[in-house]
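A.B. asks: Sending over a structure as C-alpha cells; questions will come in a sec.
Please treat every number below as a calculation from the coordinates, not as lab data. Only a predicted model underlies this, so the values are computations on that prediction, with no experimental measurement involved. Virtual Cβ from ideal backbone geometry, glycine too; neighbours counted across all protein chains shown.
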Ligand SMILES: NC(=O)c1ccc[n+]([C@@H]2O[C@H](COP(=O)([O-])OP(=O)(O)OC[C@H]3O[C@@H](n4cnc5c(N)ncnc54)[C@H](O)[C@@H]3O)[C@@H](O)[C@H]2O)c1
C-alpha cells in the first residue's frame, strides 16, 4: 500500500488534497505532511480535515527526520525552491520517488546535480511536473531528434508583475498596450524573475537548456489571466502552443492548472493505465 508525503502546506498543497479527495481514486495507507519549521499548527489547520479523505492516518512533522520515519514511497514537493535544494535530495536518498513542482530551483546547476545524484543513490527518481504549461511531452521527445529553437512568451496583466524587476523597466500603472520588458535566456529570466522561473525552467530542462531557451516577458493590459505561449522548431516537429491559465481561487498568482498537473502525476502512480 502507498504512503504519501506532501512537502509544503500552501495553496498548491491544499488544492491538491481537495482535487484528489474529489476524484476519489487516491487512497493511501498513510499521508504525512512536512510543514515549515514552526508552522505545524498552521499546516494542520489547513490540511488535516481535507487530507483525512485520502488516508485514515494523517501526520504532521516540521522536521525531515520525523517525516522520513513514516517511510513514504511517494512524495509531492509543493513548497518552495529552497525545499528542492535543502530537503528533496534527502527524500530521494531515502528511496522515495518525488514529484517536484518548484522547478525554478533547477536553474541553479548545483541543485540540479544534487537532485540527480540523490535520485541515483536512492535508486528512485525525481519527476518534474509540466505544471502551469502543457506540451512538455512533445518538447522532450523533440529534443531527442534535435531542437532548433524554443521561444517562450509569458504574458501577465501589468499588476501581476508588481514586486518584480519589471517595475524598474516600466511604469506598470501606465501600460496601455502589450509591452515586452524582458528578452533573454531562460537562465537570466530565472535569476531576474525567480517567482516566475518555473515555466522557463521547465521548458529549458525539457528542451535545449537554460542558455538556448529564449524568453520574452510581457506586461499585457489586454488580458485578464496569465498566458503562456511557446514555439518549438526541431528536426522532428514544429509546434506552437498557447495556454491561458485560470487563476487559483485562493492565490491569483498560481494558475490552477498547475494543481491538476500535480494531481495527474499522483494519479498516474495509482491507476492501472497512466496517461
Ligand atoms: N511548475 C509550475 O508551473 C508552478 C506553478 C505555480 C507554482 N509553482 C511553485 O510551486 C510552489 C508552491 O506554490 P504555492 O502557490 O503552493 O505557494 P504557497 O506560498 O501558497 O505555499 C508554499 C508553502 O511552502 C511552505 N514551506 C516553506 N518552507 C518550507 C519548508 N522548509 N518545509 C515545508 N514547507 C515549507 C510554506 O509554509 C507554504 O505553506 C512554489 O515554489 C511555486 O513557485 C510551480
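A.B. asks: Just subtract the alpha-carbon distance of residue 180 and residue 41 from 0.36 nm times their residue separation and send over the number in nm, one decimal.
C.D. replies: Here the segment from residue 180 to residue 41 would lengthen by 45.7 nm.
A.B. asks: Stokes-Einstein D for the range 157-234 at 37 °C, 0.692 mPa s, Kirkwood Rh over Cα pairs, in µm²/s?
C.D. replies: The diffusion coefficient I find is 252 µm²/s.
A.B. asks: Another one. Based on the Cβ-Cβ distance of residue 52 and residue 86, what FRET efficiency does E = 1/(1 + (r/R0)^6) give at R0 = 30 Å, to the nearest 0.05?
C.D. replies: In this case the efficiency is close to 0.55.
A.B. asks: Something else about it: For the chain, compute Rg over Rh where Rg is the Cα radius of gyration and Rh is the Kirkwood radius from the inverse mean 1/r over Cα pairs.
C.D. replies: 0.97
A.B. asks: For the Cα atoms of the chain, what angle does the longest principal axis make with the long axis of helix 256-268, in degrees from 0 to 90, nearest 10?
C.D. replies: For helix 256-268, the angle is close to 50 degrees.
A.B. asks: Further question: In nm, to one decimal, how far is the modelled label at residue 117 from the one at residue 242, with both set 7 Å along Cα→Cβ?
C.D. replies: 4.5 nm
A.B. asks: Could you give the angle, 0 to 90 degrees to the nearest 10, between helix 109-121's Cα long axis and the longest principal axis of the Cα atoms of the chain?
C.D. replies: 30 degrees
A.B. asks: Something else now. Let's test the formula: R0 of 41 Å, r as the Cβ-Cβ distance of residue 173 and residue 140. What FRET efficiency results, to the nearest 0.05?
C.D. replies: 0.55
A.B. asks: So, one more: Semi-axes of the range 95-185's equivalent ellipsoid from the Cα gyration tensor, sqrt of 5 times each eigenvalue, largest first, rounded to whole Å?
C.D. replies: The three semi-axes for the range 95-185 are 33, 18, 12 Å.
A.B. asks: In the range 130-275, if every C-alpha pair distance is counted and binned at 5 Å from zero, what percent goes to each bin?
C.D. replies: Computed distribution, short to long bins: 2, 10, 18, 20, 20, 15, 9, 4, 2, 0, 0.
A.B. asks: Now for a separate question. Take every DSSP beta bridge whose two residues both sit in the chain, then give the antiparallel share in percent to the nearest 5.
C.D. replies: 45 percent
A.B. asks: To the nearest 0.05, what FRET efficiency results for residue 222 and residue 69 with a Förster distance of 41 Å applied to their C-beta separation?
C.D. replies: So the FRET efficiency works out to roughly 0.20.
A.B. asks: So, one more: Taking N as the number of residues in the range 1-129, what is its alpha-carbon radius of gyration divided by 2.2 N^0.38 Å?
C.D. replies: 0.98
A.B. asks: Taking every DSSP beta bridge with both residues inside the range 136-244, roughly what % is antiparallel (nearest 5)?
C.D. replies: Beta bridges within the range 136-244, antiparallel portion: roughly 75 percent.
A.B. asks: What value, in deg cm²/dmol to 500, does the helix sum -39500 (n - 2.57) over DSSP H runs of n ≥ 4 give at 222 nm once divided by the residues of the chain?
C.D. replies: Mean residue ellipticity, 222 nm, calculated: -10000 deg cm²/dmol.
A.B. asks: Relative to the longest principal axis of the chain, what angle (0 to 90°, nearest 10) does the C-alpha long axis of helix 40-51 take?
C.D. replies: The two axes meet at around 80 degrees.
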